[in-house]
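The values are calculated or read from the model by the stated rules, or taken from the named source; none is laboratory data. All values derive from a computational prediction rather than experimental measurement. Glycine also receives a Cβ, built like all others from the backbone with ideal geometry; neighbour counts cover every protein chain displayed. Accessible surface is based on the protein model in full, side chains and every heavy atom, while ligands, DNA and RNA are left aside. Shrake-Rupley method; radii C 1.70, N 1.55, O 1.52, S 1.80 Å.
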Amino acid sequence: MTSDVTSDDTDEAVAARAGRIARAVPFTIGVVALMVAIGIATQTLWDPLEDRSLLGTVAYGLPAFQDGRWWTPLTGAFFALTPAQYLPVAAGAAVLLGWSEWRLGTRRVAVAAVSAHLVGVLGAAFVLLPLSSTSWGWAQRTAEALDTGFSAGALGAVAAATVTLRPPWRGRLRLLLSLYVVLSFLYIGVLWDLEHLLAVGFGLALGPFLVGRRPVLTGARFSRHEWRMVAFTAFLIAAAVRLLLYFVPSDGPLGATTSDSNAITVLVGAAVSVLLANGLRRGSRRAWYLAGALSTLSLLAAVVVLWVEIAAPDQLGSGGTVVVSSVPELVVDIVLWALQILVLVLGRAAFRARTSRRGRRAVLAEMNDRDTAIALLKTHGGTTMSWMGTWEANRWFVRRDASGEPLGYVAFQVHRGVAIALGDAVAADEAGRSAVLDAFVEAQEAQGLVVCFFSVTGEVERWGGARGYRDLVVAEEAIIDLPTLEFKGKQWQSVRTALNRAGKEGITYREGRLADMPRGILTQVRAISELWVGDKGLPEMAFTLGGVDEALDPDTVVGLAIDADATVHGVTSWLPVYAAGGRPHGWTLDVMRRLPDGFRPVTEFLIASACLSFKEQGADLVSLSGAPLAHAGGDTADSEPLDRLLGALGEALEPLYGFRSLESFKQKFSPRGEAVYLVFPDEAALPRIGLALTSAYLPGASMRDLAAAGLKTIREDAPSH
């Protein structure tokens, strides 16, 4: 029965999603459907158009316009020259137009695609008309060519739709589009490459007008991280272009590519570019110097060779001892080297990471002033997550004034090249915390690290938004306001039942510092924790999840459920939430363990007893913390892809750690929710951030542990027969 219901639900979900897509992209569906229908009607889906007289009737190009076939821009848009081209033509139109229509809307994408198609097709004819009467071989050949398809319109629509993207993705996509059409035109240079070049240029100019903006010629100011990504991309593209040029010679506007370089030289050069690109991605100063020197020398050499090739070609290659590349290769090499030098010069401030990995570890080792961090926290106060930042596994970036006095700090850990700030910054006021965050980013990026902020409040989310950072909700913190807390009403029935049963069964609540407890109590607490860890199949999690060692901290309070025989049935640990002046005005739940065969509602009893105790002491709030990945994800169709990704990860870990079950349990205490965020530079950094968070939460887990736990999960989830 379950299987049938799931199948029906899946079919309904697929049908509903298909309906939403159809309603969202009707223009795209219409274009692709018309392509297929015309292909079937004219039999060009299986009989090549290029071999039939129909080509002269429907295809566009300068010959068609000279012969008066003015309708060909319309008819040619829905054909492909060969049956094999229908798949990329139709699929390309579906993907490119579909994305553009989703971003711009149907009316705007129709205007952008049709106008870009006409600009590309008619513009190419106008460019080729005067050039065809010259002695330029490329222009003569291209002026005689005919073309079909809607690729110029689709690419122009994508170029226009980039206006809807936020930085840095707007600049990245525009850069890739521009490089693609320029390099394709220079290297290959067939008719459609010229059409694409004109259509993309038109689309980039049209986009702002479609959304009611004025074009900004100066562009956005790049961050240090963005300059590194631009340099990384530029060197990778240069390596790819040179490989393509060697293995796939072409005959473009600048002439035929006839490279006589050997394969080893080309491969070694590409490998050097890739290595330099990786160093530039990390912001390495050494890589910047090497890349600049190599690019400058190569540019000068290419210019000299090109000048000699043009001025005195007969002086080169004599005796077969000197090999000279072709003119088109030299010109494009000059363009690529010049582009790389321009990026390196303009973004020079982004490449200041002078330390090696060993040096970076030495710098991190110096950021170990835990006492200063604790003193600042008790002086200025912090959030419900701040005490976790004082645990020994962290490092502390402390911002100081000119005299060396500490002003504030950020707690962080470094994993896999990512500096993960844990919780909000601590400082006297919001302006001071913002300054600490700015200084922290500056210092960590100078070391070549990617920076993100995990388990932070809306204050950091707003700070990041003002600087172009992205964010998403990774959990929802459960807060209980103590001044108004009363266990009255139907929603508190399970809590009252736990308190009443504890009294009947002789279970009492004991609160205090774990380090001050009798040795027998501490031994039992450790045993309960080890039982819990051993049942998971993975090492105990860390980072925002403490254990017994963290509970032994003198600032941490533990609550114990103990029976008349001094048997510990459960334990909770509570982290202080300091207000300015050093007074704990709240407590955050950390460790929560129970004896497997002990008092059953022990967790409800412990939390309720702690709330009553803290209320009596004058505390303002209790945080039941936010279960990691329990809130991420969603079932709605418009959920962010990143949310769905983290939601899937939460589902995968649920059988091992029960994050979502824990989140459901906390609802028994009727808490209010406060969003907890991950703030990060952009989506390109997420794979590294994901690996870094995995290392932070499971620092002791090997690949074998993860694989074994995964198999265990599969076995436990598998249906029994």
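General observations
- Legend: residues ASP47, ASP371, sorted from most to least accessible area (1.4 Å probe; ligands, DNA and RNA excluded), read ASP371, ASP47.
- Solvent-accessible area, 1.4 Å probe, carbon plus sulfur percent, for the range 397-463: 47 percent
- Applying the criteria of a DSSP loop state and at most 16 other Cβ atoms within 10 Å to the trypsin sites (Lys or Arg not before Pro) of the range 126-214 yields ARG213.
- Note on ALA515/ALA431: beta-carbon distance plugged into 1/(1 + (r/R0)^6) with R0 of 41 Å gives a FRET efficiency of 0.60.
- Among 153-164, 519-530, 688-699, sorting by the average number of other beta carbon atoms lying within 10 angstrom of each residue, highest first, gives 153-164, 688-699, 519-530.
- Shown for the range 525-624: the carbon plus sulfur share of the solvent-accessible area, taken with all protein chains present and a 1.4 angstrom probe, equals 51%.
- Environment charge at GLY56 (Cβ cut-off 15 Å; Lys +1, Arg +1, Asp -1, Glu -1): -3
- Per residue solvent-accessible surface (Å²) - the range 63-210, probe of 1.4 Å: 42 Å²
- The stretch between THR379 and GLN667 holds 100.4 nm of extra length on full extension. This uses 0.36 nm per residue minus the Cα-Cα distance.
- Its convex hull of Cα atoms gives the range 360-408 a direction-averaged projected area, equal to a quarter of the hull surface, of 3.8 nm².
- Each of GLU530 and GLU392 was given a label point 7 Å from its Cα along the Cα-to-Cβ line. The distance between the two points is 1.8 nm.
- Extension reserve of the ARG107-LEU300 stretch, reckoned as 0.36 nm per residue once the Cα distance is removed: 64.5 nm
- Radius of gyration and maximum dimension Dmax of the range 23-158, Cα, Å: 15.3, 52
- PHE209/ARG23 FRET efficiency (R0 25 Å; Cβ-Cβ; nearest 0.05): 0.45
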